[in-house]
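Worksheet: one structure, shown below.
Bear in mind that the values in this text are calculations on the coordinates, not laboratory data. Every value quoted in this text rests on a predicted model; they were computed, and no experiment measured them. In this analysis, Cβ positions are derived from the backbone assuming ideal geometry, glycine residues included, and neighbour counts consider all displayed protein chains.
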Amino acid sequence: MKTRKKLNQQGFMLVETLITTVFIVSIVVLLYTNLLPLIGEYDRYKNYDSVEATYLAHWTRRLVLDGLSDAAFDQASSLGYLDITDGSYFTSDYYRNLYNNLKSTASITRVYLTPYQTTSLKEIKGTFPRDFEEYITYLPTYSNNTSKTVATGYYRVIIEYCGIDNVSDCDADHRYGTIEVRR
């Protein structure tokens, strides 16, 4: 019987381990570089346009539609926005009281009436606090929808509210929402 020589295969295990390690490390690096920015974006935008914010914006919109004068809408379209936070633009005490009750109950800190297309609002710099300007930057311009303009009666209500119960501690926990208003 012939005896076969056994080949020396001691290095094969090392090469196989190295290839597997490089493959696993490249998958981990690929996941890390693609997943980490997504987590950062989530942390940044988790306070924008939540269900709660849309709900509060809806009730603010109802009060804006019923209680604001035509002059307020005209002023919002000419300036690019109108700060209605203080409630002075409401035409009657009834709507002003409802609005102030909603503000205090929901911890709403700012309310703006803007044209539907936010292009002119995005051009205004330095007027708003930094976190609110970041939200405005986050908003799309809505400029592709040419049927929804001020001439056709479309506006937006943008609200800022405190996501915690104590409004005095709200510096780092503002949340934002927007909804369209059709007059």
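So how much slack lies between residue 66 and residue 93, counting 0.36 nm per residue of separation and subtracting their Cα-Cα distance, in nm?
Working it through step by step, the gained length comes to 8.5 nm.
Give the Rg (one decimal place) followed by the Dmax (whole number) of segment 52-138, computed from C-alpha coordinates and expressed in Å.
Using the Cα atoms of segment 52-138, the pair Rg, Dmax is 13.0, 35 Å.
Provide the gained length on full extension for the span residue 44 to residue 27, in nm with one decimal, where the gain is 0.36 nm per separating residue minus the Cα-Cα distance.
Gain on extension, residue 44 to residue 27, equals 3.5 nm.
Only sites in a loop by DSSP and with at most 11 other Cβ atoms within 10 Å count here; which trypsin sites (Lys or Arg not before Pro) in segment 103-133 make the cut?
Sparse-neighbourhood loop trypsin sites (Lys or Arg not before Pro): 125.
In the chain, if every C-alpha pair distance is counted and binned at 10 Å from zero, what percent goes to each bin?
8, 29, 25, 11, 6, 6, 5, 4, 3, 2, 1, 0
What are the extents of the Cα atoms of segment 102-183 along their three principal axes, listed from largest to smallest and rounded to whole Å?
Here the Cα extents, ordered largest to smallest, are 41, 27, 17 Å.
For the chain, what's the relative contact order in percent, using C-alpha pairs closer than 8 Å and at least 6 residues apart?
About 25 percent, as a whole number.
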